[in-house]
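Just so it is clear, none of the values below were taken in a lab; they were calculated from the coordinates. Predicted model only: the values in this text are computed from it and were never measured. Counting neighbours? That spans all protein chains shown, and the Cβs are built from the backbone with ideal geometry, glycine included.
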Amino acid sequence: MELLNADIYASRDALQKLAEKELPIAVSFQLARLIIEVQPTLTAIETLRYKLVKQWGTADEDNPGKIQVPEDKLSDFNNTFDELLGQSVEYDIDKIKLPENVSSTCSGCGAVTEKPLEIEPSILVLLDKFVEI
């Protein structure tokens with residue numbers, strides 16, 4: 001699967017939220033593999049973003065630990081970061097088929113039942129490249 005760095009960067013929180021769901025073991029395994037596969041790319045993007053912020057930014061006078069990119073350099077920063085996000089990477093992963101239903105255990109009686117897998121649309125939008133329903 002070929003993905004843009006932008007797809008990976010935008011999906012980082014959504015992948016984590018999906019990983020917190022109770023999923024069948026096979027789907028959980030696929031998701032874990034996916035996260036492990038893209039993690040080095042996420043780390044590299046974040047490292048390079050930080051370097052760009054240091055390159056184009058200046059220390060905040062009120063908060064010395066914070067670096068702010070000034071308005072006059074924001075365009076240069078964004079152009080450089082967009083170039084990074086526009087690069088593609090090839091991964092040896094397939095889209096994850098999400099189940100329509102997942103098992104749920106009743107907290108009162110302990111009975112196991114099926115319930116629909118619930119994922120917010122805002123998360124699904126970010127996972128479009130990684131999952132199918």
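For segment 101-133, what are the residues that are assigned to a loop (DSSP other than H, G, I, E, B) and over 22 Å from Gln16 (Cβ atoms)? Write out each step before concluding.
Going through segment 101-133, the residues assigned to a loop (DSSP other than H, G, I, E, B) turn out to be 106-111, 117-120, 127-130, 133.
Within segment 101-133, Cys106, Ser107, Gly108, Cys109, Gly110, Ala111 meet the criteria.
One residue stands out in segment 40-79 among those that are under 25 Å from Met1 (Cα atoms) and of a type in the set (S, T, N, Q): the one that is surrounded by the most Cβ atoms within 10 Å (Cβ to Cβ), namely Thr41.
For segment 66-116, a tally of residues being polar (S, T, N, Q) and in contact (Cβ under 8 Å) with a residue 24 or more places away in the chain returns 5.
The selection criterion, being at negative phi and exposed (fewer than 11 other Cβ atoms within 10 Å of the Cβ), holds for Glu90. Would you say Ile45 is β-branched (Val, Ile, Thr), in a helix (DSSP H, G or I), free of Cβ contacts under 8 Å to residues at least 40 places away in the same chain and closer than 20 Å to Lys129 by Cβ? So Ile45 does not fit the description; no. Taking the conditions (1) in contact (Cβ under 8 Å) with a residue 40 or more places away in the chain; (2) not in a strand (DSSP E or B) in turn, Glu61 satisfies each one other than (1). Note on segment 102-112: among residues that are of a type outside the set (Gly, Ala, Ser) and exposed (fewer than 10 other Cβ atoms within 10 Å of the Cβ), the one that is farthest from Ile133 (Cα to Cα) is Cys109.
Filtered by the rule that a residue be closer than 18 Å to Glu20 by Cβ and outside any loop (DSSP other than H, G, I, E, B), segment 87-100 gives a lone residue, Ile96.
The residues on offer are Leu23, Leu84, Leu34, and the sole one that is surrounded by 14 or more Cβ atoms within 10 Å (Cβ to Cβ) and part of a loop (DSSP other than H, G, I, E, B) is Leu23.
In segment 5-20, what residues are among the small types (Gly, Ala, Ser) and either surrounded by 19 or more Cβ atoms within 10 Å (Cβ to Cβ) or in contact with a Lys or Arg (Cβ under 8 Å, 6 or more places away or on another chain) (or both)? Let's see the steps before the verdict.
Filtering segment 5-20 for residues among the small types (Gly, Ala, Ser) gives 6, 10-11, 14, 19.
Selection gives Ser11, Ala14.
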